[in-house]
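The values are calculated or read from the model by the stated rules, or taken from the named source; none is laboratory data. Since this is a predicted model, take the numbers as computed values, not measurements. Cβ sites come from the backbone with ideal geometry, for glycine too, and all protein chains shown count toward neighbours.
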Amino acid sequence: MAEPDEKKQGFFSDLFAPVAGFGVSFGTMFRKVATQEYPEKPRPTQPRFHGRHQLNRHPDGLEKCVGCELCAWACPADAIYVEGADNTDEARFSPGERYGRVYQINYLRCIFCGLCIEACPTRALTMTNEYELADPQRAPLIYEKHQLLAPLKEGMLPPPFPMAEGMGERDYYLGRVTGPTEEQREHVRGRESGESQDEVPEQPTELPQAREIRDVHTQEEVAHERR
Amino acid sequence: MSLMEASLAGDLFTGAPILLEDNPAADFSDTPWWLSMVKAHMVFVYLLVQVLIVIWFERRVIGRMQQRPGPNRFGPLGLLQTLADGLKLMMKEDVTPRDADRVMYVIAPFLVGALAFVSFAIIPIGGEVEMFGHTTPLQLTDTPVATLLVLAVAGVGAYGFVLAGWSSGSTYPLLGGLRSTAQVISYEIAMGLALVAVFLYAGSMSTSQIVAAQSSLWYVVPLFFSFVVYIITMVGETNRLPFDLAEGEGELGGGFHTEYSSMKFAMFFLGEYINMFTVAGLATTLFLGGWQAPPGIAAINDGMLNQGWWGVLWFTAKMWMFIFVYVWLRGSLPRVRYDQFMKFGWKVMIPASLVWVVAIALIRSAQVGYFGEGRWALPITLVLVGGSIVGGLLLLDKKLADAKEAKLAARRTPTEVDPFAQGHPVPPLPGQTLVERPRAIGEEPVTVTTTARPAGEPTAENDPDTPEDTRG
Amino acid sequence: MSGGEAVLFWVLAPATVLAALGLLFARKAVHAALSMALVMVSLGIFYVAQHAEFVGIIQIFVYSGAVMMLFLFVVMLIGVDSSDSLVETLPGQRIWGWLLALGFVGLAALAVSRVTFPAPVGLEQVQAEGAVTGLAREIFERQVFGFEMLAALLVIAVMGAMVLAHREQLTPRITQREMANERIRSGKWLAGKPAPGVYARHNAADTPALLPDGTPVEESVPRVLVARDQVSPPQPYRRVSDAAYDAIEGQDADEESEVERTSKARPGEIEEGSRR
């Protein structure tokens, strides 16, 4: 039965009590404003900020992603879609046997939790600090592999090209490859000059048809395919 | 003027009669009609420019009071925000509801907007100046009843609100319009009473006369209570926070201007701001000495800064002080509920103002000499009146404290409680004791006892009133 | 009349006459009330133009600002319609009305024709000490008795109005706390009634909320609107949901038939699982 301690306020204290509130608002006028002036002065993000994903490369340019799909399985929002494919001698995109041929992250579903980064065995998938991903339409927010791949740095070569001589997948993983070798450069030069003649398998850029509830024809087609 | 000064200063103790002058002190004899038109345009422009500034000012100051910058996107420091607002309002779609009364729907905002400017005609913005070869006071016009004109115009302006509400053809605007109008006419009364004290002191209702009468002492000093009452009623008249329930966004959509859009809404917006300026200007004129410079500055160089065009500076500064107070109130106080607000207006403000007017009338009569010509009439009156007021306040305070105490006592948990009172059993709180259920007349309490009873009296065992299962 | 005054008169007087005619012939009661307010304001302006400033301003302030405003309140709230019945219930009212009106008109015309007006003097002499002081002298020195009687009469009228309108509080007034307790005890709508936008596709106050099966909830619309028959039908907003449900059910039908065909499944279980 604890009652609040009722102090008998004085008459003038009661009369002028509301005035104290005015003092507060007057004083607030001179305090530093708490607003962030975005976008002129954006607040810098922390080092390990969960931003847009990035598919990293090895120092010589080969992609780290081996198409294992562990990130897709780890994603709680089902935002990642991966299709792996075999690396052949003619077209090698990553060290080792397989690479990610199709890699999509649907930023409409992604919740930026970072479980995919934790799942990736090769540290191919990391998150950058970029958060300005808004778009007025839905389709462009499904990012394809070419939008997620890390850009080529100084000295890197664009895949496909063979691994460095004598190096295997494990060597790449342990960081023993620090740059492209001359043979690799030759290969790329040869590939680029003879590109019009040779057929180089390219990364696919088409999306599989997204299923929509209202599109009855697509449903029929999908049903057909299943059968 | 000097006679006035001497009489005002000296009469506090000598009780010499004061020259009362009804007619305006301002001299309009040298003002041809075209000069009046020019002055009318000047007043119009003066008001509109200030509205442009006050929109920006209010939003920035409110923002700072809420620890945020306020508009700062358009122009440096957000100065072009008013322009952006105006353009937006102009380009919006002008919607007329299907059930609206076409004629009134269009007339109402123009009524509000136009009448708001009219009240400014009698407010003296400066002293006498030379304009285009004529000597004319910086005041559009003046009459012996000039201050009442402001009240009258406010009363007719209230028509705009009620018309706007009714002609929108839907319930929320109707309710909002009626509330708004009731608010305005209720607080007009209290405002009038606050002004009566000023009239008693100045001896006239003419604004230029009142300004002249304050040349030695601004009325905010002797009439501080009227000043406070006037500030409160002024905020209530203009439908501003904390008294803007009639247009409160949370309660009534938008009150009487819910259905209005585009330029008609801009008219209401404009009318509200101009009303603010008018009542602030009136407050300046009646309580803060109008266009006269503050006492220290007025003495410089024998009043060089206290005449003519300089008056505009002092007047504008004082008016903007009131505008700042308006914005400050808006930034600090929550909205008052409508019934609390009407109760306050009718049951607190009007009686208090009446008592104050009576007190002032007595003091003034003593000053003028109605209670005798001796030097003791005034001090005795002051002591008596002051004593009664203080006594009354103490009594009131005691009564309120007692009522509060009684209310709190009623809320305290009682020491004894009947657990079945609410219909279902309630366990006792710590410190409470349970009270036995009252039994029907004739019943004995169920007790386990072996003492013999006389044969005729009913015992628990064979008493037909006790329930079966409690019989022994 | 000087030039300015003549202009004022000849602009305002026809407007006043039109307003007076509007008062008589307006269709809507509110228009009539507003015409009357206009007449009163114009009269006030005429008084001011005739140098009776106090009376003029008070006419505007009190008559049109307060009295007419209250008239207007009543008319707007109660809503006097022109559709009110014009059938007169008093017998012979027409005949007697005409007779008395003609008699009065005759009498008035006779009286007015016999009046002689002295030459107008103006108010300068009376208001020598100022407009308000002149009036004050008249009221409080020469006519103080009549004034005090009028004041007493007004006070009595106000008290009478109060007594007539007073309602004795027979039951103790229920406080907010008690009302809240009652509501909790009754167990009805404890969380508040459903707002219109909760289930429906529109959040206007006059569009009712929809239950999951599509029927509108009457309690989600304010009673006033229901009484005034201003509830808007929710059908257009159900069409989108209905179309979506149909498409889903059509899809389910496809899936069902597929699964049945491919796995020779148990029909009972599948049906339960896919019918949402």
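Scanning segment C:32-56 for residues that are surrounded by 21 or more Cβ atoms within 10 Å (Cβ to Cβ), in contact with a Gly (Cβ under 7 Å, 6 or more places away or on another chain) and under 29 Å from B:ARG179 (Cβ atoms) yields a count of 1. Listed conditions (1) over 29 Å from the mean Cα position of the chain (by Cα); (2) modelled with pLDDT of 85 or more are all met by C:ASP213, apart from (2).
Here A:ARG31 fulfils each of the conditions (1) at the interface with chain B (Cβ under 9 Å from one of its Cβ atoms); (2) in contact with a Ser or Thr (Cβ under 9 Å, 6 or more places away or on another chain) apart from (2). If only residues of segment C:123-139 that are farther than 19 Å from B:PRO24 by Cβ and either of a type outside the set (Asp, Glu) or in the same structural domain as C:GLY56 (by TED's automatic domain parsing) (or both) are counted, the one that is modelled with the lowest pLDDT is C:GLN125. Taking residues in segment B:57-74 that are at the interface with another protein chain (Cβ under 8 Å from one of its Cβ atoms), and partners anywhere that are in a helix (DSSP H, G or I) and among the aromatic types (Phe, Trp, Tyr), the pairs with Cβ atoms closer than 8 Å and at least 6 places apart or on different chains are B:VAL61/B:PHE324; B:VAL61/B:TRP328; B:MET65/A:PHE26; B:MET65/B:TRP328. What pairs come up if the first residue lies in segment B:387-414 and is away from chain A (no Cβ under 12 Å), the second is part of a helix (DSSP H, G or I) and surrounded by 10 or more Cβ atoms within 10 Å (Cβ to Cβ), and their beta carbons are under 7 Å apart, counting only those six or more places apart or on different chains? Qualifying pairs under 7 Å: B:ILE389/B:ALA359.
Within segment A:14-42, the set of residues being part of a helix (DSSP H, G or I) and either in contact with a Pro (Cβ under 9 Å, 6 or more places away or on another chain) or acidic (Asp, Glu) (or both) comprises just one member, A:ASP14.
Each residue in segment B:415-437 was checked for being more than 14 Å from chain A (Cβ to nearest Cβ), free of Cβ contacts under 8 Å to residues at least 12 places away in the same chain and closer than 21 Å to C:ASN181 by Cβ, and 6 of them qualify. In segment A:96-103, is there at least one residue being crowded, with 16+ Cβ neighbours inside 10 Å, modelled with pLDDT under 95 and part of a loop (DSSP other than H, G, I, E, B)? Yes, segment A:96-103 has at least one match.
Listed here are the residues, each with its yes/no results for (1) outside any helix (DSSP H, G or I); (2) modelled with pLDDT of 75 or more; (3) farther than 24 Å from B:TYR172 by Cα; (4) aliphatic (A, V, I, L, M).
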| residue | (1), (2), (3), (4) |
| --- | --- |
| C:VAL163 | no, yes, yes, yes |
| C:THR171 | yes, yes, yes, no |
| C:MET179 | no, yes, yes, yes |
| C:LYS188 | yes, yes, yes, no |
| C:PRO194 | yes, no, no, no |
| C:ALA200 | yes, no, no, yes |
| C:LEU225 | no, yes, no, yes |
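When B:SER332, B:SER353 are checked against the criterion of being among the polar types (S, T, N, Q) and under 24 Å from B:ALA202 (Cβ atoms), B:SER353 stands alone in meeting it.
Put simply, of B:VAL235, B:VAL220 the only residue that is hydrophobic (A, V, I, L, M, F, W, C) and part of a helix (DSSP H, G or I) is B:VAL235. Taking the criterion of being closer than 24 Å to C:ASP206 by Cα, outside any loop (DSSP other than H, G, I, E, B) and either without any contact (Cβ under 8 Å) to a residue 24 or more places away in the chain or aliphatic (A, V, I, L, M) (or both), the residues of segment C:227-252 that qualify are C:ALA227, C:GLN235, C:PRO236, C:ARG239, C:VAL240, C:ALA243. Looking across segment B:81-129, the residues that are of a type in the set (Asp, Glu) and within 14 Å of chain C (Cβ to nearest Cβ) come down to B:ASP99, B:ASP101. Among residues of segment A:131-145 that are aliphatic (A, V, I, L, M), those with a Cβ under 7 angstrom from a residue that is surrounded by 16 or more Cβ atoms within 10 Å (Cβ to Cβ) and in a loop (DSSP other than H, G, I, E, B), sequence gap 6+ or separate chain, pair up as A:LEU133/A:ARG52; A:LEU133/A:TYR107; A:LEU141/A:TYR107. Inspect segment C:133-142 for any residue being under 28 Å from C:GLY56 (Cα atoms), in contact (Cβ under 8 Å) with a residue 60 or more places away in the chain and surrounded by 10 or more Cβ atoms within 10 Å (Cβ to Cβ) and give the result as yes or no. Yes, the conditions are met somewhere in segment C:133-142. For segment C:26-54, a residue qualifies if it is facing chain B (nearest Cβ under 9 Å) and either farther than 16 Å from C:THR16 by Cα or of a type in the set (A, V, I, L, M, F, W, C) (or both), and the qualifying residues are C:LYS28, C:VAL30, C:LEU34, C:ALA37, C:VAL41, C:VAL48, C:GLU53, C:PHE54. In segment B:181-202, the qualifying residues are those that are among the small types (Gly, Ala, Ser) and facing chain C (nearest Cβ under 9 Å), and the one that is surrounded by the fewest Cβ atoms within 10 Å (Cβ to Cβ) is B:GLY192. Taken residue by residue, segment B:119-126 has no member that is of a type outside the set (Lys, Arg) and either surrounded by fewer than 17 Cβ atoms within 10 Å (Cβ to Cβ) or more than 30 Å from B:MET304 (Cα to Cα) (or both).
Only residues that are surrounded by 13 or more Cβ atoms within 10 Å (Cβ to Cβ) and assigned to a loop (DSSP other than H, G, I, E, B) were counted in segment A:43-89, giving 21.
Of all residues in segment B:32-41, one or more are assigned to a loop (DSSP other than H, G, I, E, B) and either of a type outside the set (A, V, I, L, M) or loosely packed, with under 15 Cβ neighbours inside 10 Å (or both).
Taking C:LEU77, is it surrounded by fewer than 18 Cβ atoms within 10 Å (Cβ to Cβ) and of a type in the set (A, V, I, L, M, F, W, C)? Considered against the rule, which asks whether it is surrounded by fewer than 18 Cβ atoms within 10 Å (Cβ to Cβ) and of a type in the set (A, V, I, L, M, F, W, C), C:LEU77 comes out as yes.
Could we say that B:LEU178 is at pLDDT 90 or above, part of a helix (DSSP H, G or I), within 10 Å of chain C (Cβ to nearest Cβ) and surrounded by fewer than 24 Cβ atoms within 10 Å (Cβ to Cβ) here? It is false that B:LEU178 is at pLDDT 90 or above, part of a helix (DSSP H, G or I), within 10 Å of chain C (Cβ to nearest Cβ) and surrounded by fewer than 24 Cβ atoms within 10 Å (Cβ to Cβ).
Would it be correct to say that B:SER262 is farther than 30 Å from B:GLN214 by Cβ and of a type in the set (Ser, Thr, Tyr)? Against the criterion (farther than 30 Å from B:GLN214 by Cβ and of a type in the set (Ser, Thr, Tyr)), B:SER262 qualifies.
State all residues of segment C:92-125 that are among the charged types (D, E, K, R) and within 30 Å of C:GLU53 (Cα to Cα); if no residue qualifies, say none. Of everything in segment C:92-125, just one residue is among the charged types (D, E, K, R) and within 30 Å of C:GLU53 (Cα to Cα), namely C:GLU124. Checking each residue of segment B:205-213 against the condition of being more than 9 Å from chain C (Cβ to nearest Cβ), crowded, with 24+ Cβ neighbours inside 10 Å and in contact with a strand residue (DSSP E or B) (Cβ under 7 Å, 6 or more places away or on another chain) gives at least one match.
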